[in-house]
Amino acid sequence: MKHEIYKERNSTDDFNVVDFLSKGQSRTIPKRITFIKTELENIYNLAFGDIEENGEINDSVISDNGDRDKILATIAVVIDDYTFRYPERWILFRGSTNERTRLYRMAISANLEELSMKFDIYSFEGGELIRFTKNMNINTFLIKRKKV
């Protein structure tokens with residue numbers, strides 16, 4: 001992706017939790033990306049959101065901090081790093097709302113050519129795995145690093 005990213009990130013040793021600070025127009029907001037094992041073999045759910053005072057992720061808050069593209073690019077870089085470390089793992093994600101899923105779909109569509117060089121990108125709809133195409137109306141994404 002051709003956007004600036006947040007380079008200062010902290011992660012756990014296993015890289016399953018990555019924190020960074022969103023430095024926007026009016027405030028600094030702590031953000032967290034987590035990769036959580038699902039009941040399906042080698043499939044990890046990506047969760048993302050603001051870190052609440054109790055340490056939990058709030059994935060429904062609208063931060064409106066003016067750095068959306070920088071955040072999305074940072075998430076893409078973290079997925080790249082994570083799948084480099086764990087190439088056998090699939091990353092599953094969806095937006096917490098229809099609007100967020102649409103935002104993710106638009107961001108992936110806008111960068112599909114570049115992303116497709118490293119990743120196989122699918123939708124998982126109705127129990128069926130479908131290769132993602134630009135502007136495809138989907139609810140769930142599945143991404144896996146391509147074998148080299």
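Results, tabulated for the structure shown:
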quantity	calculated
Pick from region 119-148, criterion charged (D, E, K, R) and over 15 Å from the mean Cα position of the chain (by Cα), ranking: farthest from ASP14 (Cα to Cα)	LYS134
Selected residue (criterion: nearest to GLY55 (Cα to Cα)) from residues of region 23-42 that are of a type outside the set (Phe, Trp, Tyr), touching a residue at least 40 places away in the same chain (Cβ under 8 Å) and touching a strand residue (DSSP E or B) at 6+ places or on another chain (Cβ under 7 Å)	LYS31
Qualifying residue in region 110-128 (condition: over 23 Å from VAL17 (Cβ atoms), touching a residue at least 60 places away in the same chain (Cβ under 8 Å) and exposed (fewer than 14 other Cβ atoms within 10 Å of the Cβ))	yes
Boolean, PHE20 is touching a Phe, Trp or Tyr at 6+ places or on another chain (Cβ under 7 Å), in a strand (DSSP E or B), at negative phi and in contact (Cβ under 8 Å) with a residue 24 or more places away in the chain	yes
Enumeration of residues in region 87-97 that are in contact (Cβ under 8 Å) with a residue 40 or more places away in the chain and out of contact with any Ser or Thr (no Cβ under 6 Å at 6 or more places or on another chain)	PRO87, GLU88, ARG89, TRP90, ILE91, LEU92, PHE93
Residues of region 91-130 satisfying the condition of being out of contact with any strand residue (DSSP E or B) (no Cβ under 8 Å at 6 or more places or on another chain), within 18 Å of LYS146 (Cα to Cα) and among the aliphatic types (A, V, I, L, M)	MET117
Condition broken by ASN65, with the remaining ones in (1) buried (at least 17 other Cβ atoms within 10 Å of the Cβ); (2) assigned to a loop (DSSP other than H, G, I, E, B); (3) at pLDDT 95 or above satisfied	(3)
Residue within region 94-104 that is within 20 Å of LYS31 (Cα to Cα), over 12 Å from the mean Cα position of the chain (by Cα) and part of a helix (DSSP H, G or I) present	yes
Any chance GLU113 is acidic (Asp, Glu), over 12 Å from the mean Cα position of the chain (by Cα) and at pLDDT 90 or above	yes
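One line per residue, one yes/no per condition, for (1) among the hydroxyl-bearing types (Ser, Thr, Tyr); (2) modelled with pLDDT under 95:
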{"site": "TYR44", "(1), (2)": "yes, no"}
{"site": "ILE51", "(1), (2)": "no, no"}
{"site": "GLY55", "(1), (2)": "no, yes"}
{"site": "ASP69", "(1), (2)": "no, yes"}
{"site": "ARG85", "(1), (2)": "no, no"}
{"site": "GLU88", "(1), (2)": "no, no"}
{"site": "ARG105", "(1), (2)": "no, yes"}
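The values are calculated or read from the model by the stated rules, or taken from the named source; none is laboratory data. This is a predicted model, so every value here is computed, not measured. Here Cβ is always computed from backbone atoms with ideal geometry, including for glycine, and neighbour counts include all displayed protein chains.
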